[in-house]
1. Could you list all residues from the range 196-230 that are within 27 Å of the chain's Cα centre (by Cα) and among the aromatic types (Phe, Trp, Tyr)?
2. In this structure, does PHE188 turn out to be over 30 Å from PHE124 (Cα atoms) and in contact (Cβ under 8 Å) with a residue 60 or more places away in the chain?
3. Pairs only if they're at least six apart or on different chains, beta carbon under 6 angstrom, first in the range 421-439 and surrounded by 14 or more Cβ atoms within 10 Å (Cβ to Cβ), second at pLDDT 70 or above and in a helix (DSSP H, G or I); list them, first residue then second.
4. Output the residues belonging to the range 435-467 that are over 21 Å from GLU380 (Cα atoms) and modelled with pLDDT of 70 or more.
5. Is it true that ARG238 is among the basic types (Lys, Arg), touching a residue at least 60 places away in the same chain (Cβ under 8 Å) and out of contact with any strand residue (DSSP E or B) (no Cβ under 6 Å at 6 or more places or on another chain)?
6. With the condition kept exactly as written, say whether any residue in the range 338-355 is modelled with pLDDT under 85 and touching a Pro at 6+ places or on another chain (Cβ under 7 Å).
7. Can you tell which of GLY104, GLY59, GLY68 is in contact (Cβ under 8 Å) with a residue 24 or more places away in the chain, in the same structural domain as PRO157 (by TED's automatic domain parsing) and loosely packed, with under 13 Cβ neighbours inside 10 Å?
8. Any idea which residue in the range 267-293 is modelled with the lowest pLDDT, counting only those that are loosely packed, with under 13 Cβ neighbours inside 10 Å and more than 30 Å from VAL252 (Cβ to Cβ)?
Amino acid sequence: MASVTASTIPTNRRASNHPAPPAVDPPAAAEDGAGVTDGEANQPHTGSLARRMILIAAGWISILLLVGGVALDRTLTSLVTRQFDDQLDYSLNGMLGAAELVDGEVWFNRPLGDQRFLEPNSGFYYQISGKGHEDYRSRSLWDRRLEVNLDKDYREPHYYDSFQFADEPLRVVERTIRIPGSDTRWHFVVAEQRQELDEQIVSIRSILAWSFAVLGIGLFLMAGLQTWYGLSPLRRVRRAIVRIRTTGRNRVTDPLPLEVQPMVEELNALLEHSEKQAEEARRHAGNLAHALKTPLTVLTNAASAHSPDLDTTVLREAATMRRQVDHHLARARAVGRRAVGLARTNVMASADAVERAVARLYPDVRFDIDGSRTADVAIERQDLDEILGNLVENAAKYGGGSVFVTVDAEPGSEGCAIWVEDDGAGIPAVQREALFQRGARLDTEKPGTGLGLAIVRDVAEIYGGSVELGESEDLGGLLVKLVLPRVG
């Protein structure tokens, strides 16, 4: 049996004309990962993760401290002001309790308890005003009076700030009262200098500023420490990778937090996968070298002995070497493409392309392709084309003129089964396994290398699939059952 050549089935392969970059020995790196090459330093990145975390923490801390500071400042300022106003209200209630009407004027039937009302310019004042009446003022006002809007009517205590005295801001409480026996609306006013209140507010704000500054600095330091400590597992992973690169270690074995452990497990799996790939490549190279050694020895001996059948020997041994090279190249290409990642290929699209290509070589053969048109398998399109190309061409070459291809012949199964059947003489069961050996051919009269089924099995197994030979119930010839991992 022979495989379909590259000129028969298009595989969209394009070899690169650019030579591989020369290998550069990595510089020695310190245990802490300080040894970083210029190439690593110039790699594109999205910024520092630590800086991002610190900036986010700093932003939230600043916002929370600002909002909390303003809220606490307003709360404490309001509390101190309310206490100050309560003192004014206490004095106002004392005035109301001592006030009585004498000859149409308001007088106190007893002296007020606070002596500051008697001291001139003491900063604590009262005044009773009414339209058409002279103001009744505390002695502390001396020759001054409090400005009162007699048109206003305050049934409840009204608190406000007054700046009518230069360099002496006042806190004022005012209330309008009708004394029995009088039709006049009397305005009772108590005022106190704001200096004490303002000093308390300044003191509170100073304490808040220092407290929040110290709290902010502490939170910033804690955020930095948390970031440094929280990212320390990543630095340990980096140092472990540096050790892998410089000392030949092949795993990250350091104990790490649960959040980082999955990444380390994936890294170790990647390293294991790379080791398997490298080992497989070395094994292929060794197998190819061993396979080519005997033909080369035969050619060397024939040439040294000036053998008369040298041309025949060269052709025979060259064909042998070509079979070996084709086989190992097919495996190497499949392994390399599998390492790139999970592929997705529509089986029917590949089968249609193969049928068109093989039909040009065997125009008298009838091809029938049936089955699911949506079945996708986890294999590269080039490799699927090569597998189906070998199977379909073999069926056309050795069959009786009819080739059936059934896609997803066993729907619902875990793998996607592809059946390739012909109406030829078939193959006895005892000889089927031998066909998977490299160079094995049952019909030596037809051209071929005997690598078709060997390549098919090797490439299918690389992707986790399988190939089996059986007897076609419908056509009576050979049935090749190809099972590939399904996608979707």
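1. PHE220, TRP228, TYR229
2. Numbers: over 30 Å from PHE124 (Cα atoms): no; in contact (Cβ under 8 Å) with a residue 60 or more places away in the chain: yes.
Judged against the criteria, PHE188 is not a match.
3. Partner pairs satisfying both residue conditions: ASP422/ALA395; GLY424/TYR398; LEU435/LEU453; PHE436/LEU453; PHE436/ALA454; PHE436/ARG457; ARG438/ALA454.
4. Scanning the range 435-467 gives a single hit, LEU435.
5. yes
6. Among the residues of the range 338-355, not one is modelled with pLDDT under 85 and touching a Pro at 6+ places or on another chain (Cβ under 7 Å), which makes the answer no.
7. So the residue among GLY104, GLY59, GLY68 that is in contact (Cβ under 8 Å) with a residue 24 or more places away in the chain, in the same structural domain as PRO157 (by TED's automatic domain parsing) and loosely packed, with under 13 Cβ neighbours inside 10 Å is GLY104.
8. My answer is HIS290.
The values are calculated or read from the model by the stated rules, or taken from the named source; none is laboratory data. This structure is a prediction, so every number in the text was calculated from the model and none was measured. Because the Cβ atoms are built from the backbone with ideal geometry, glycine has one as well, and the counts that use them run over all protein chains shown.
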